[in-house]
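Working notes for the structure below.
The values are calculated or read from the model by the stated rules, or taken from the named source; none is laboratory data. A quick note: this is a predicted structure, and the numbers were derived from the prediction, not measured. Positions of Cβ are backbone-derived with ideal geometry, glycine not excepted, and every protein chain shown enters the neighbour counts.
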Amino acid sequence: MSFIALKMLFGDRAKYLGIVIGLTFASLLITQQSAIFAGMMTRTFSFLTDVALPDIWVVDPQVKYIDDIRPMQNTEVLRVRGVEGVQWAVPLYKGNLAVRRTDGTYQSCVVIGLDDETLMGGPPTMLVGKLSDLRRSGGVIVDITGAAGKLAHVRPDGTRVPLKVGDEMEINDNHAVVVGICKVTQTFQANPVIYTTYSSATSFAPSQRLLLSFVTVKAKPGQDLHALCRRIEKVTGLRAYTRDDFKMVTFLYYLRHTGMPINFLTAVALGFLVGVAISGQTFYNFTLDNLRYFGTLKAMGAKNGMLLRMILLQALVVGGVGYGLGVGAASGWGMLVGGRTQLAFRLPWHLLVVSAVAVLVICLSSAALSIRKVMKLEPAVVFRS
Amino acid sequence: MFRKYILTILALVGVGLGIVAALRSARTMVPTPMVSDAPTPPYQAFVAGAGLVEANTENIAIGTQLAGIVSQVYVKIGSPVAPGDPLFTIDDRAQRALVAQRQAAVLVAEPQVADAKYELKLAESLVPQGITVEVRDRDAFAVQKAEALLAQARADLKAAETDLERLTVRAPVAGQVLQLKIHPGEFAQVGVLAQPLILMGNVEPLAVRVDVDENDSWRVREGSPAVGYLRGNKEITTPLTYVRSEPYVIPKVSLTGAPGERVDTRVMQVIYSFPKGGLPIRPGQQMDVYIEASGKVGDRPAILRTTTVSNREPTAASR
């Protein structure tokens, strides 16, 4: 019987294509939009993704997300070090500073100051040079996206020459030398990222009383991270987050305070509706067209359950093909374009499941209409026309 | 046949692509290792402090009492010195000339005493022959005056010699020359200078001055053991011996060096010492110091606990 069902399905090529295209479109739209949303949301805490070594981040109690920097006293590092269960604690500076380009214009850059001693929190991938080159006086490491893009020298004829090791730059009126090029996870604001040492960063930064952005903490093995956070908070009066909690806090902040979730949710819903509208209707039409075959089968003594299974099989096959094509197109496009541009594309396996469920819902709801029709079918209809 | 299944095959390929993309997204970041490991202290409870290595005599900024052009420097950077060893001399030609003058003045005064004494002796011997007592007494006064003048000339000479001596600056303690910022021909100023002429001190054993945040200072007991790690390499480490705690808590010296910097906290300074031996640690370097602490952070110290108990007792009794 399955064979007849499939023959019925593939036989009507126009309808078959129509249903599959509708489902493909729905699955493509749902997968692609949610993957871009996931990608952009991941970028909000990309700094936490890059700095993977510390377990706990200690910040001012007023800090609401990772880019909301409220500097603290330098001695807080020492106080955090003194808390029981802390293996090490090092300072980290993060701030936005103006960098003067060779053509005289300014570009705001994210400057990250690593602890002079350990250089903890370095970029994930070094392309040119070594991290320890930062110890050279005024040495900075620039990320490749910034070096080749916003910070590149622009020749009079408009060509861009990327920054390279040995080039000089001016950070907030201070002289700096590029000693390395690195690759970082794209940031949300897409400003170029510049790494330097904590002491250089504080001398680049405008004169302020407080300069310490974060105290990053590694717990001793076997410590309960949340209990350690509470201890640090009790002693210092600061706020301590585990890395995952800080990611979540940042994620929730962007979720609540930007229009992004509603934007992407609308796009996903649109995809779903288009899928239902096109596929549902076409599938129903397809069933109507084949009603006489179903009638014949019924007249030949086929039970309702068998017809139901046939329609379900047809729905699942078109669903599977549509889903596969849609997900494939979205992933292929994401990997192809995302690898070359700054596109935020991230496809956790959860999204594959979500998109599969959505397609399944579309198929089943389309099938439900058709099933109702076939169930009520009188076998006599075959003989009427 | 193939045409029939092309969509199905494409769909399977698509699911495959989706799985690849999901796997790529799931790749976790390999943490960037630190260039040098952060030290981990050996104590269960401890107070962390920032240490600055210095000489055990503290770093002595040698000054001069008299200003002038330096004519000679007797020591080199790093040379060991004993107490009283000359360090440098300020041009002393004028002072030597003065000494010579004063010596001449003494030479002038000496025969005047002899002359006056001779006159007095003569007068005394002539008293029986009828010379007046008045003349003899005058001669006696003349002797006193000449002797006073001689004493004055000698004192002047002594003063000039002392000043000459003061032009040579000597080492106050045994130690090592850590910094030498004066050279023959340079002008040595009097007073406290931002850049001392010579910085010296005793470096065996070395001392380390540990800044402890005032909020943590109550946790440091006198005599607590400590361990120090040199910045940049946690393998270079040494146990520290407690020397003293500075009784006065000072504003933290920030090392950013920016002008117009305001104080953000105050620090208690605790001095520890360690034998230098072959350790590649030099005065002026920074160390991470961990001092063993009594209680856990957040504990109430014993003294406060007893006070609370004694406060509570009368309330119970009054009831």
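Structure summary
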read-out	value
Lone qualifier among A:Ala344, A:Ala329 - being within 27 Å of B:Leu10 (Cβ to Cβ), touching a Lys or Arg at 6+ places or on another chain (Cβ under 6 Å), within 14 Å of chain B (Cβ to nearest Cβ) and surrounded by 15 or more Cβ atoms within 10 Å (Cβ to Cβ)	A:Ala344
Residue in the stretch A:264-282 that is at pLDDT 85 or above, aromatic (Phe, Trp, Tyr) and either buried (at least 16 other Cβ atoms within 10 Å of the Cβ) or outside any helix (DSSP H, G or I) (or both) present	yes
Candidates B:Tyr43, B:Tyr74 - the one that is without any contact (Cβ under 8 Å) to a residue 60 or more places away in the chain and either out of contact with any Phe, Trp or Tyr (no Cβ under 9 Å at 6 or more places or on another chain) or more than 8 Å from every other protein chain (Cβ to nearest Cβ) (or both)	B:Tyr74
Lone unmet requirement of (1) surrounded by fewer than 16 Cβ atoms within 10 Å (Cβ to Cβ); (2) in contact (Cβ under 8 Å) with a residue 60 or more places away in the chain for A:Lys164	(2)
Matching residues in the stretch A:182-219 - criterion: being closer than 18 Å to A:Arg100 by Cα and out of contact with any Asp or Glu (no Cβ under 7 Å at 6 or more places or on another chain)	A:Ala190, A:Asn191, A:Ile194, A:Tyr195, A:Thr196, A:Ser200, A:Ala201, A:Thr202, A:Ser203, A:Phe204, A:Ala205, A:Pro206
Residue, nearest to the other protein chains (Cβ to nearest Cβ), within the stretch A:10-27, restricted to residues that are surrounded by fewer than 24 Cβ atoms within 10 Å (Cβ to Cβ), touching a residue at least 24 places away in the same chain (Cβ under 8 Å) and part of a helix (DSSP H, G or I)	A:Tyr16
Residue within the stretch A:60-73 that is within 14 Å of chain B (Cβ to nearest Cβ) and either part of a helix (DSSP H, G or I) or touching a helix residue (DSSP H, G or I) at 6+ places or on another chain (Cβ under 7 Å) (or both) present	no
Test: residue in the stretch B:49-62 that is at the interface with chain A (Cβ under 10 Å from one of its Cβ atoms) and surrounded by 15 or more Cβ atoms within 10 Å (Cβ to Cβ)	yes
Selection within the stretch A:347-377 - charged (D, E, K, R) and either facing another protein chain (nearest Cβ under 10 Å) or not in a loop (DSSP other than H, G, I, E, B) (or both)	A:Arg372, A:Lys373
Residue list for the stretch A:302-325, restricted to those being surrounded by fewer than 21 Cβ atoms within 10 Å (Cβ to Cβ), within 14 Å of chain B (Cβ to nearest Cβ) and touching a residue at least 40 places away in the same chain (Cβ under 8 Å)	A:Leu313, A:Leu316
Matching residues in the stretch B:227-246 - criterion: being over 10 Å from B:Met287 (Cβ atoms), away from every other protein chain (no Cβ under 12 Å) and over 19 Å from the mean Cα position of the chain (by Cα)	B:Glu235, B:Pro239
From the options A:Ala38, A:Ala52, A:Ala98, residue that is of a type outside the set (Ser, Thr, Tyr), within 14 Å of chain B (Cβ to nearest Cβ) and not in a loop (DSSP other than H, G, I, E, B)	A:Ala38
Condition broken by A:Leu6, with the remaining ones in (1) more than 23 Å from A:Leu316 (Cβ to Cβ); (2) touching a residue at least 60 places away in the same chain (Cβ under 8 Å); (3) not aromatic (Phe, Trp, Tyr) satisfied	(1)
Residue that is farthest from the other protein chains (Cβ to nearest Cβ) [pool: residues in the stretch A:74-83 that are assigned to a loop (DSSP other than H, G, I, E, B) and touching a residue at least 60 places away in the same chain (Cβ under 8 Å)]	A:Asn74
Any hit, the stretch B:89-110, residues being touching a Phe, Trp or Tyr at 6+ places or on another chain (Cβ under 9 Å), of a type in the set (S, T, N, Q), away from every other protein chain (no Cβ under 14 Å) and more than 30 Å from A:Leu9 (Cβ to Cβ)	yes
Complete set of residues in the stretch A:173-190 that are buried (at least 18 other Cβ atoms within 10 Å of the Cβ) and either over 27 Å from the mean Cα position of the chain (by Cα) or aliphatic (A, V, I, L, M) (or both)	A:Ala176, A:Val178, A:Val179, A:Gly180, A:Ile181, A:Val184
Every residue from the stretch A:301-334 that is among the basic types (Lys, Arg) and either in contact with a strand residue (DSSP E or B) (Cβ under 8 Å, 6 or more places away or on another chain) or not in a helix (DSSP H, G or I) (or both)	A:Lys303
Filter result (among the polar types (S, T, N, Q) and within 37 Å of the chain's Cα centre (by Cα)) within the stretch A:1-45	A:Thr24, A:Ser27, A:Thr31, A:Gln32, A:Gln33, A:Ser34, A:Thr42, A:Thr44
Candidate set from the stretch A:202-211 (those that are touching a Leu at 6+ places or on another chain (Cβ under 8 Å) and of a type in the set (A, V, I, L, M, F, W, C)); member that is surrounded by the most Cβ atoms within 10 Å (Cβ to Cβ)	A:Phe204
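Yes/no per residue for (1) away from every other protein chain (no Cβ under 14 Å); (2) more than 20 Å from A:Val59 (Cα to Cα):
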{"position": "A:Gly85", "(1), (2)": "no, no"}
{"position": "A:Ala89", "(1), (2)": "no, no"}
{"position": "A:Tyr93", "(1), (2)": "no, no"}
{"position": "A:Thr102", "(1), (2)": "yes, yes"}
{"position": "A:Cys109", "(1), (2)": "yes, yes"}
{"position": "A:Gly113", "(1), (2)": "no, no"}
{"position": "A:Pro124", "(1), (2)": "no, yes"}
{"position": "A:Val128", "(1), (2)": "yes, yes"}
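Residues checked against (1) out of contact with any Pro (no Cβ under 8 Å at 6 or more places or on another chain); (2) not hydroxyl-bearing (Ser, Thr, Tyr):
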residue	(1), (2)
A:Arg155	yes, yes
A:Val179	yes, yes
A:Tyr198	no, no
A:Thr216	no, no
A:Leu228	yes, yes
A:Ile232	yes, yes
A:Thr250	yes, no
A:Thr266	yes, no
